[in-house]
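Heads up, the thing below is written out as structure tokens.
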Amino acid sequence: MGASASVDAQKHIISGLGDGTATLLSMFVDNEFPLTLGPKYETRYMDKEVEPFEVEWIRAAKIGCGKLYSGVRDPCVDDIVPGRYSDPYFVVGIMAIATKSNYLKSHFVAYNPYVGCAAVRLWYNARYEIVVIDDKIPCSKDPDTGSYVPLFTYSIHGDSWCCLLEKAMAKLRGSSYSNLGNTNLSDMLVHFTG
């Protein structure tokens, strides 16, 4: 994870005050995380009898995920919805930490939806790393409702914590959602718990 993305992200997070002043800034774009799902997912529809679909990278606020937590209640296991391509080890891992909402919240260093930037704390190489990401989430459009549905794990309440945590984990594991499948449950739990 390069220093330039981190510096740009810090500027965006700090300058976006949440009172509308951030609208004058450009939205943060994480150039270290390409807008592609990776070969594992881009060819997956060919292996199954599923209609091909267009992937659109949508800002969290535009898919109902403008806040980390809705404020209705603390995040919990019941909030988690596996998407079309969710990694089962990731889903089980966040279900384990979602039982302790304060612990789950401690992974988020900062999130500013006005500029589309998040900083997430994950364990890697025997220390905590701050993973900086933008909040563009891969989605497909529901043909019946016209709404965007995240392809990976999301919250039933529209909170962004599931989407952002999975994207940060994908970046930590090599800047691709494809790399989430190259792990196991114990590795995933170590990233969350240290």
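The values are calculated or read from the model by the stated rules, or taken from the named source; none is laboratory data. Since we're looking at a predicted model, the values are computed, not measured. So basically every Cβ, Gly included, is an ideal-geometry build from the backbone, and we count neighbours across all protein chains shown. Side chains are part of the model used for accessible areas, which takes the heavy atoms of the whole protein and leaves out ligands, DNA and RNA. Shrake-Rupley method; radii C 1.70, N 1.55, O 1.52, S 1.80 Å.
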Worksheet item: Using mean Cβ contacts within 10 Å as the protection proxy, how do 132-145, 101-114 order, highest first?
Response: 132-145, 101-114
Item to complete: Quantify, in whole percent, the carbon and sulfur part of the accessible surface of the stretch 102-194 (1.4 Å probe; protein heavy atoms only).
Response: 50
Worksheet item: What residues have an amide H closer than 5 Å to that of Ile80, excluding those fewer than 5 places away on the same chain, when H is modeled at 1.01 Å from N in the peptide plane?
Response: Ile156
Worksheet, complete the sentence: With a Förster distance of 30 angstrom and the Cβ-Cβ distance between Val149 and Trp123, calculated FRET efficiency to the nearest 0.05 equals 0.50
Response to the item:
Residue-normalised value, i.e. accessible area per residue, for the stretch 50-194 at 1.4 Å probe, in Å², stands at 42
Worksheet item: How much solvent-accessible surface does Tyr148 expose, in Å² to the nearest 10, with a 1.4 Å probe and all protein chains in place?
Response: 60
Practice prompt. Take the Cβ-Cβ distance between Val55 and Lys100 as r, set R0 to 45 Å, and report the resulting FRET efficiency rounded to the nearest 0.05.
Written response: 0.85
Worksheet item: Any idea of Glu56's accessible area? Nearest 10 Å², probe 1.4 Å.
Response: 50
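Add +1 for every Lys or Arg and -1 for every Asp or Glu among the other residues with Cβ under 13 Å from the Cβ of Met95, and state the total.
Once all neighbours under 13 Å are counted, the net charge is -3.
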